[in-house]
Amino acid sequence: MEVKARAAPAPAACSPAIANCGTNKCLKFGSTQVCTECAEGYVPINGNCASKDDSSVTAAGCTNSDESALDDTSQTCEKCGNAFVLFQGGCYAKDPATSLICATSTENGKCASCKDGLLVNAAGSCDLCDPTCKTCSEKEDPAKCETCYEGYYFDSNAKTCTACPTNCATCTNANTCQTCKAGYLLGTGKCDACASGYLPDANNANCYSCSVPNCVQASAANACSKCGPGFIIDTDKCVSCSNPTTGYTGNVQNCAVCTVSNKALTCTKCNDGFKLDGSPQTCTACTVTGCKTCDTDVATCSECLEGYYPTGTPITCTKCSIDGCSTCTSTSCTACKTGLASLGTPISACLDLQDPECQQAEKVGSNDVCVQCSQTHAPVDGKCVPISSAVCTTPSTCTSCKNGFMLYSGGCYSTWKAADLGICARSRQSLVGDALVCGECSAGFVPIDGSCRPVSGSVRTNINTICFNDATGTTAANKDSRSCKACRNGYFLFNGGCYPTTGNSVGASICTNVDNNGKCTAAPTGAPLILNSDGTFSPCPTGCGMCQKDATSGDVTCSSCGLGYYNSASSGITCTACPSGCTSCPGGKCDLCWDGSSFNGTCPPPPSSSSRLSGGAIAGIVIAVLLVLGGLGGFLGWWFGCRGK
């Protein structure tokens, strides 16, 4: 069973940065990014943060809920004027011509339909679809997707939009591509790059042998149809715009784009930092340091190069203070260069993690790990990997994890990596269904729905109002806290953490009702754990993923097998351990390895000392983490320490 550690799409880090937006307060839907909560004294207007005294705030009619004026502590709008609509803490124009959320509007100015990733509601505003959906019939529910974004298909089993195979632009399922990304060709349901010495055609339909230097696209064998940057095609030859070519005239040093006619070149655009002058054509360097464009004259800059910011009139270009920064202001870096990951909010460094798909990193202990990737990848064990229905199904950042991985700060982590990074010790890890949860975090973090969440800097989630240090619920969690002793109303205490009972949360998979003392009083029929009369939980029988207890006899029956097991019975359920290293093995045949990778003849050995685990080890891990829930917290540590000896 998949249990999702979220009830709704959650704001995350801004990429690119939005000035004066709070830490991890950006929300993405479709191709749009908006801020949901700004720094004090600023509020979200049309997705950006505006000062409370700015004319745009007045025009939007942004006020408190009682229509009182904003003050220096205001961070969001609670009410908007007639021409605007309230959405995720901000005011947004209703006019479809300029609106970020309304696609069409009614005569009375309400949204009649919403932009991609949103669903119109009864109030004439927009609600969020699940992050994987392009259009949906119900908000925040992956099972109610109507269409998926390009590069995704609707998986009827997982009930969510799932990424297409690698290099696939559109597909019908996990194994069948319909069209490929640029530069790749469609074969038998998959997309492959052309072999060395071959180039694709314009339609990505064929690969042709092509030895023409600087050619990137061919129409037939050795028939070039498109050249690389700085070159122009002429009679199947790529001619340089800037360097001399035998038989051609008019080349201009530092020319970026040119045309050709009767062997004569004409430069139409110079490289950045150069100005195109008339007859004879020349590309003359701008004299302002860091200048990208100087169209009027070489001493008058109109645009700065990447890594510089403009100041004054006329413009001078000043280098960003952080190495690797792409755009910046005088006080901060707002985005890193392509291929570099931003660290922190505000950005404190631009890191080369040797991971080109990584956009944002976070320091976990002494390690820099990726927490936000490109739209085609997701962070797993701190690295960007192609989105996979096996571990993480959402683009860029993970909102849930499957198959024994733990959710932490937008990424999914294996049991070994979570321990090695100091996120959660192995002895405090446990499984609920196929979600790996933590019972005790590092200092300053506490388990909320099984995921370690920071106590400080968490105004939006108010972690310190959910988790308490004492059983009476009077002392809030603080920077020294690692677990919870009591929870606020609506949450139940379980395995050192506070769990909700709503939405697609881990908590909702085992508990449906909580009393005023924070004790679970009712459980769903068929659950990963058994609810006892005292509000505690016991594990299902060995190998079971889901089970239920007969109210009369007290007998417990297994309804499905868990991770690392398969049903080996021809009738009924008998759970048998999978081969070594497998978490999924229908019929005893491995199809998924412990690291979330598809089985390809063998599974990679688990890292460090765990590589010595013998057959059935993954199954043993599942047993161990389930037993933790029964109070045997040291068993998992024993398993890892002794099983491999």
Item checked: Count of the stretch 591-614 residues which are over 19 Å from TRP416 (Cβ atoms) and either among the acidic types (Asp, Glu) or modelled with pLDDT of 90 or more (or both) -> 1
Note to self: When you check VAL212 against the structure, is it under 30 Å from TYR184 (Cα atoms) and assigned to a strand (DSSP E or B), yes or no?
What the structure shows: no
Check: Looking at THR170, THR104, which is the one that is β-branched (Val, Ile, Thr), under 26 Å from THR376 (Cβ atoms), surrounded by fewer than 19 Cβ atoms within 10 Å (Cβ to Cβ) and at pLDDT 85 or above?
Finding: THR170
Next item on the list: Tell me which residues, restricted to the stretch 7-30, are touching a Gly at 6+ places or on another chain (Cβ under 7 Å) and either modelled with pLDDT of 80 or more or at positive phi (or both).
Entry: PHE29, GLY30
Check: under 30 Å from ILE387 (Cβ atoms) and not acidic (Asp, Glu) - does that describe any residue in the stretch 62-80?
Finding: no
Checklist line | Conditions (1) at positive phi; (2) touching a Ser or Thr at 6+ places or on another chain (Cβ under 9 Å); (3) surrounded by fewer than 18 Cβ atoms within 10 Å (Cβ to Cβ); number of the one not met by GLY151 | finding: (3)
Margin query: Tally up the residues in the stretch 115-134 that are over 16 Å from the mean Cα position of the chain (by Cα), under 13 Å from TYR149 (Cα atoms) and in a loop (DSSP other than H, G, I, E, B), please.
Written below: 2
Check: Which condition breaks for THR345 when tested against (1) at pLDDT 95 or above; (2) under 29 Å from GLU362 (Cβ atoms)?
Finding: (1)
Next item on the list: Assess whether ASN243 counts as being outside the structural domain of SER156 (by TED's automatic domain parsing), buried (at least 19 other Cβ atoms within 10 Å of the Cβ) and part of a loop (DSSP other than H, G, I, E, B).
Entry: no
Note to self: Being outside any loop (DSSP other than H, G, I, E, B) and over 18 Å from PRO44 (Cα atoms) is the requirement here; does ALA103 meet it?
What the structure shows: yes
Check: Hey, among the residues in the stretch 261-297 that are of a type in the set (Asp, Glu) and part of a loop (DSSP other than H, G, I, E, B), which one's farthest from ASN243 (Cα to Cα)?
Finding: ASP295
Next item on the list: Scan the stretch 365-387 for residues that are modelled with pLDDT under 90 and over 12 Å from the mean Cα position of the chain (by Cα) and report the count.
Entry: 2
Item checked: Subset of the stretch 544-588 (residues that are of a type in the set (S, T, N, Q) and without any contact (Cβ under 8 Å) to a residue 40 or more places away in the chain) -> GLN548, THR552, SER553, THR557, SER559, ASN567, SER568, SER570, SER571, THR574, THR576, SER580
Item checked: Identity of the residue in the stretch 511-543, within 32 Å of the chain's Cα centre (by Cα) and free of Cβ contacts under 8 Å to residues at least 24 places away in the same chain, that ends up nearest to ARG488 (Cα to Cα) -> ASN513
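Yes/no matrix, rows are residues, columns are (1) surrounded by fewer than 15 Cβ atoms within 10 Å (Cβ to Cβ); (2) within 17 Å of the chain's Cα centre (by Cα); (3) not in a strand (DSSP E or B):
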| position | (1), (2), (3) |
| --- | --- |
| ILE322 | no, no, yes |
| THR345 | no, yes, yes |
| GLN354 | yes, no, yes |
| GLN359 | no, yes, no |
Next item on the list: Take the residues in the stretch 365-422 that are in a strand (DSSP E or B) and small (Gly, Ala, Ser), then tell me which one is surrounded by the fewest Cβ atoms within 10 Å (Cβ to Cβ).
Entry: SER388
Notebook entry, point to check: If you take the residues in the stretch 365-374 that are of a type outside the set (D, E, K, R) and free of Cβ contacts under 8 Å to residues at least 40 places away in the same chain, which one is nearest to CYS164 (Cα to Cα)?
Noted result: SER374
Margin query: Just to be sure I understand, how many residues within the stretch 262-282 are small (Gly, Ala, Ser) and modelled with pLDDT of 95 or more?
Written below: 2
Checklist line | Options THR300, THR293, THR311; residue that is under 37 Å from the mean Cα position of the chain (by Cα) and surrounded by 15 or more Cβ atoms within 10 Å (Cβ to Cβ) | finding: THR293
Item checked: Residue satisfying all of: in the stretch 31-66; surrounded by fewer than 15 Cβ atoms within 10 Å (Cβ to Cβ) and modelled with pLDDT under 90; nearest to CYS126 (Cα to Cα) among these -> THR32
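The values are calculated or read from the model by the stated rules, or taken from the named source; none is laboratory data. These numbers were taken from a predicted model, which means no experiment stands behind them. As a convention, Cβ positions derive from the backbone with ideal geometry for all residues, glycine included, and neighbour counts pool all protein chains shown.
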